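Notes for the one structure printed next.
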There are 2 protein chains.
Amino acid sequence: MLYVIKAGGNVLDDPQQLEGFLEAFTALPGAKILVHGGGKIASEIGLQMQITPQYVNGRRITDAATLQLVTMVYGGLINKNLVARLQQLGCNALGLTGADGAVMKANKRPVREVDYGYAGDISADGVDGAKLQQLLDAGFVPVLAPLSYDPANGSLLNTNADTIAQEAAKALAKLMPVQLIYCFEKNGVLSDVADDHSVIPLINAANEALLKADGTLQGGMIPKIDNARAAINAGVQKVIIGHAGQLDALVAGKSGTQII
Amino acid sequence: MLYVIKAGGNVLDDPQQLEGFLEAFTALPGAKILVHGGGKIASEIGLQMQITPQYVNGRRITDAATLQLVTMVYGGLINKNLVARLQQLGCNALGLTGADGAVMKANKRPVREVDYGYAGDISADGVDGAKLQQLLDAGFVPVLAPLSYDPANGSLLNTNADTIAQEAAKALAKLMPVQLIYCFEKNGVLSDVADDHSVIPLINAANEALLKADGTLQGGMIPKIDNARAAINAGVQKVIIGHAGQLDALVAGKSGTQII
C-alpha cells in the first residue's frame, strides 16, 4: 500500500502539532509520499519583501513576485526544513517540486474571466508516476511542494497542495494500491460544522447522495468530497479526511472520515 | 565517466551565459551532476528582507536569518529554476540539498576564533555516494544546491559550492571514474592574472611544485589547486578549471587548465 498524505498549512504553522505529525508519518510503515501546503510563513516573508497579496473577485492571484516568493518558501524553506527534520527522525525524505524529474507537469491556467497569473492546472497525464515509483523503489520518501512544472516555459507554477496530492494519488493508483489521506485541523467531515465530534465516519456512493440531498454536506466540503470521489473513480482505494494529530488512527480507520 | 560540474555565482548572474552553459551541460553525454553557487540574487533578496550580511574579521557569517535566506534562495529559487530550465532543455534534472536523501552530511563549524554560525563542514564519509549513484542509475541528473545537512540538529547548513562539488566528486570516485570541472568567469588558471590568455593548460605534480616555487601560482589560486590535488589524491581522475562558456571544450581538453 502507498499512502499519499497531505498536510495543510495549519499543520505546518503549529510546531508542536507538526512534530507529532512528522513522527507519526515516519513511523508509518511502507511506501509513502508527503504533500505539504504553504502556511503562514509565506505571507510573513511576503510582507517582509513587501509583496502584497493580489486578489481579483476574491480569488488569490499568483503574480510574478508571488511566484518567486512561493518558489523560495514552498520549494526551499518549508520543503527543505521538513526533509531535514524527517531525515533526522529516520525517514529517507527527498524533497521535490513538480519540476524535479518533471514529475508534475501543468499548464498555466488560461485567462477567462480572471487571469490567475502563474497558477498551474495539472495536465492530463501530467504526473510521471513511473518516476515517482523509481524513487519509491529506491527507498526514498518523496516530499512534494505545491509547485508544478510548466514545460512550455521551463518554469514553475503555483498549484494547490490538495490538487498535487490528488493527482499524485490518481497517477500512482495505476501502478500500485493507493490510499489518499488529507490531514487538517478538523476531526473529519462533520455533519454539524459547529460540533467537532459530529464526524461522519464513512461516506460511500449511497449515503453521499443522501448527505448532499438533505444538506448535511454543504459549502466548501462539497468540492472536497467531489475531488475524493474523482480520485476513487480513478482507482484510489480510499480517501481519508481527518485530524493531523491522529495520523495512525486515520490509517487504521479508527478516526476521521473514510470515503470509499 | 561521471562529470561533476560546478557553476559559480557569476555564471548564474548572467542570463545569456547561463543559457549557453545549461545547453552545453544538457548536451554533455553520460552521467553528470551540476553543483551551483549562490549569485547576486541572494544578496538582493536579503536586502529586500532587510537581512544585513554579517562579517567577523572579514569573514561572512551565516546567522539564523541568513540561513533562512539561503535555504529559500539556494534551495528554492535558484535550484528549482535551474531544474525547470534543464528539464525544458531535455535534461532529467532533480534538485537536491544535502538534506534530500541525506546525501551530504555536515557538522556545524566549531567555534574557535570566529563563530561562523550555520556554516557546515562536510563530515568524514558525509557524502552518501551510494544514494547519488541510485539517482544517477535511475537516469536523474542531480542538481546540488550549496546547502548541507546537519544530522545532529535535523537542519540545514550553509556550505561553499566548491566544497560540495569536491566532496561529491571524491565520494563518487570510489564508485565510478569521475572528472571534476570548475566553471567560472576566467579561461583557466592564469600564469599572469592580468592576461586572460595566459592559461596554464596542464598542471601535474611535477610542474605544480615549480609553479608554486617561482610564484606563478599565488593568492586565491593556491587553495583551489590544493583542493584539486586533494580530489585527485582521493581518486578523482582529473580536475578541470575553465570558462563557463567553454564547457564542451573543457571536457574535450581543448580549453582551461587540466590538473592531473
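Computed from the coordinates by the stated procedures, all read-outs in this text should not be read as laboratory data. Keep in mind it's a predicted model, so treat the numbers as computed, not measured. Here the Cβ positions follow ideal geometry from the backbone for every residue, glycine too, while neighbour counts run over all protein chains shown.
Of note:
- Label-point distances for B:LYS174 to the equivalent site in the other copies, using a point 7 angstrom along Cα→C-beta, read 4.0 nm when ranked shortest first.
- Where chain A is rotated onto chain B, the residue of A whose Cβ comes nearest the axis, and that gap in whole Å, is A:GLY76, 1.
- Cα gyration tensor shape for the range A:117-184, rounded if a/c is under 1.5, else prolate or oblate: prolate
- Between B:ALA234 and B:ALA252, the simple label model (points 7 Å from Cα in the Cβ direction) yields a spacing of 3.1 nm.
- Normalising by residue count, the protein assembly as shown has a Cα convex hull of 150 Å³ per residue.
- Cut-off under 5 Å, modelled amide H: who pairs with A:ILE203 long-range: A:GLN258, A:ILE259, A:ILE260
- Residues in the range B:206-211 carry Karplus couplings, in order, of 5, 6, 4, 4, 5, 5 Hz; the curve used is 6.51 cos²θ - 1.76 cosθ + 1.60 with θ = phi - 60°, and Gly or Pro positions show x.
- Shortest first, B:THR52 label-point distances to identical copies amount to 2.8 nm, with the label point at 7 Å from Cα along Cα→Cβ.
- Within chain A, longest stretch free of exposed GluC sites (Glu not before Pro) [DSSP loop, at most 15 other beta carbons within 10 Å]: A:1-112
- Taking label points 7 Å from Cα along the Cα-to-Cβ direction, B:ALA206 and B:ARG60 give a separation of 4.0 nm.
- Residues whose amide H falls under 5 Å from that of B:VAL127, counting only those 5 or more places apart or on a different chain, are B:LYS105, with hydrogens built in the peptide plane.
- The alpha carbons of the range B:1-138 occupy a box of 45, 36, 20 Å along the principal axes, longest dimension given first.
- Residue-wise HN-Hα coupling along the range B:234-247, computed from phi with Karplus coefficients 6.51, -1.76, 1.60 (Hz; x: Gly, Pro): 8, x, 5, 5, 7, 10, 10, 10, x, 7, 4, x, 10, 4
- Amide H partners (placed H, <5 Å) of B:GLY235, local residues excluded: none
- Per-residue ³J(HN,Hα) for the range A:26-42, Karplus 6.51 cos²θ - 1.76 cosθ + 1.60, θ = phi - 60°, Hz, x for Gly and Pro: 4, 6, 5, x, x, 6, 7, 10, 9, 10, 10, x, x, x, 5, 4, 5
- Projecting 7 Å from Cα along the Cα-to-Cβ direction, the label point of B:GLU23 sits 5.4 nm from its equivalents in the other copies, listed shortest first.
- Gyration tensor verdict on the range B:196-239 (Cα atoms; rounded if a/c is under 1.5, prolate if a/b is larger than b/c, oblate otherwise): prolate
- Separation between Cα centres of the range B:184-260 and the range A:178-212, rounded to whole Å: 65
- Gyration tensor (alpha-carbon) shape descriptor, chain A, a/c threshold 1.5: rounded
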